[in-house]
1. Pairs of Cα atoms under 8 Å, at least six residues apart: use those to get the relative contact order of the chain, whole percent.
2. Roughly how tilted is helix 12-23, in degrees to the nearest 10 and between 0 and 90, from the longest Cα axis of the chain?
3. Mind checking which aspartates and glutamates have their Cα closer than 19 Å to the Cα of Lys47? Skip sequence neighbours fewer than 8 apart in that chain.
4. Round to a whole angstrom and tell me the spacing of the C-alpha centers of region 20-66 and region 172-195.
5. Using a 1.4 angstrom probe, figure out how much accessible area the chain has per residue, in square angstrom, rounded to the nearest whole.
6. Could you name the lysines whose alpha carbon sits less than 22 Å from that of Lys94, not counting residues in the same chain fewer than 8 places away?
7. For the chain, which whole percent of the accessible surface, found with a 1.4 angstrom probe, sits on carbon and sulfur atoms?
8. Compute the normalised compactness of region 46-139: alpha-carbon radius of gyration over 2.2 N^0.38 Å, N being the residue count.
Amino acid sequence: MRYLTFALTKGRLASKTLEMLESLGITCEEMKEKDSRKLIFTNEELKLKFFLAKGPDVPTYVEYGAADIGVVGRDTIVEEGRKVHEVLDLGFGKCRMCVCGYESAAELLKHHELIRVATKYPEIAKDYFYNKKHQTVEIIKMNGSIELAPIVGLSEVIVDIVETGSTLKENGLSVLEEVCPLSARMIVNPVSMRMENERIKKIITDLRTLLREGGRNAD
Ligand code: PRP
């Protein structure tokens, strides 16, 4: 049996994923060692390997088959546009991709003005404004703290992730339009999906059952 390799997004998404896998009896003790500098972790018994990566790199590892399975936010999957199969909504990491700004910018959006849009997600912003809204805008790629852009006058609006909404609120900004809902997704390499169909399908089915049961318990 060959190893199945998981690429997990460093941080909260990885912790939540490992928690879910653990409920299915898929554990990785090696990963729990706090001060370890190891980059890749193995479960010899189940022939599984796990590694942590930055979100935008997860679909890359999966497209090239360096990982068979990945867990990453839908924002990153859409932005990166890699050839991977999105197989499961894991139901956590829920948030929204939104157009945000000062309330006064709502008029500019309404009248399809040529505005500047700051974002960490230029592909998502381009698709939204050009293909869905048919509005010509100038997109400015930034790398973080996007909410600063309208405050310091870099752009009229931003396209960014809104989770609780507190970053916007504390800075006097609002959601002006919603682009799409987001959550953590499982992705699979298309060749692995064929070659390791049975093993991968079992993981997906078991996770789906777990999610369904979790949902029922929450009711
Ligand atoms: C994300 C996002 C918003 C914030 C939204 O930023 O870009 O800034 O979280 O969360 P909230 O609605 O709960 O306030 P992140 O903390 O990932 O850092 P970044 O600004 O560097 O992208």
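1. Working: 384 pairs, mean separation 57.5, N = 219.
This gives 26 percent for the chain.
2. 30 degrees
3. Within the straight-line limit of under 19 Å, Lys47 reaches these aspartates and glutamates: Glu19, Glu22, Glu29, Glu30, Asp68, Glu196, Glu198, Asp206.
4. Cα centres, region 20-66 to region 172-195: 20 Å.
5. Value for the chain: 55 Å² per residue.
6. Within reach: Lys10, Lys16, Lys54, Lys120, Lys169.
7. Values: 6070 of 12070 Å².
Using a 1.4 Å probe with all protein chains present, the chain comes out at 50 percent carbon and sulfur.
8. Values: Rg = 16.9 Å, N = 94, 2.2 N^0.38 = 12.4 Å.
So the Cα radius of gyration is 1.37 times the expected 2.2 N^0.38 Å.
The values are calculated or read from the model by the stated rules, or taken from the named source; none is laboratory data. Bear in mind the structure is a predicted one, so any value in this text is a computation, not a measurement. No Cβ is skipped: glycine too gets one built from the backbone with ideal geometry, and neighbour counts run over all protein chains shown. With ligands, DNA and RNA removed, areas are computed over all heavy atoms of the protein, side chains included. Shrake-Rupley method; radii C 1.70, N 1.55, O 1.52, S 1.80 Å.
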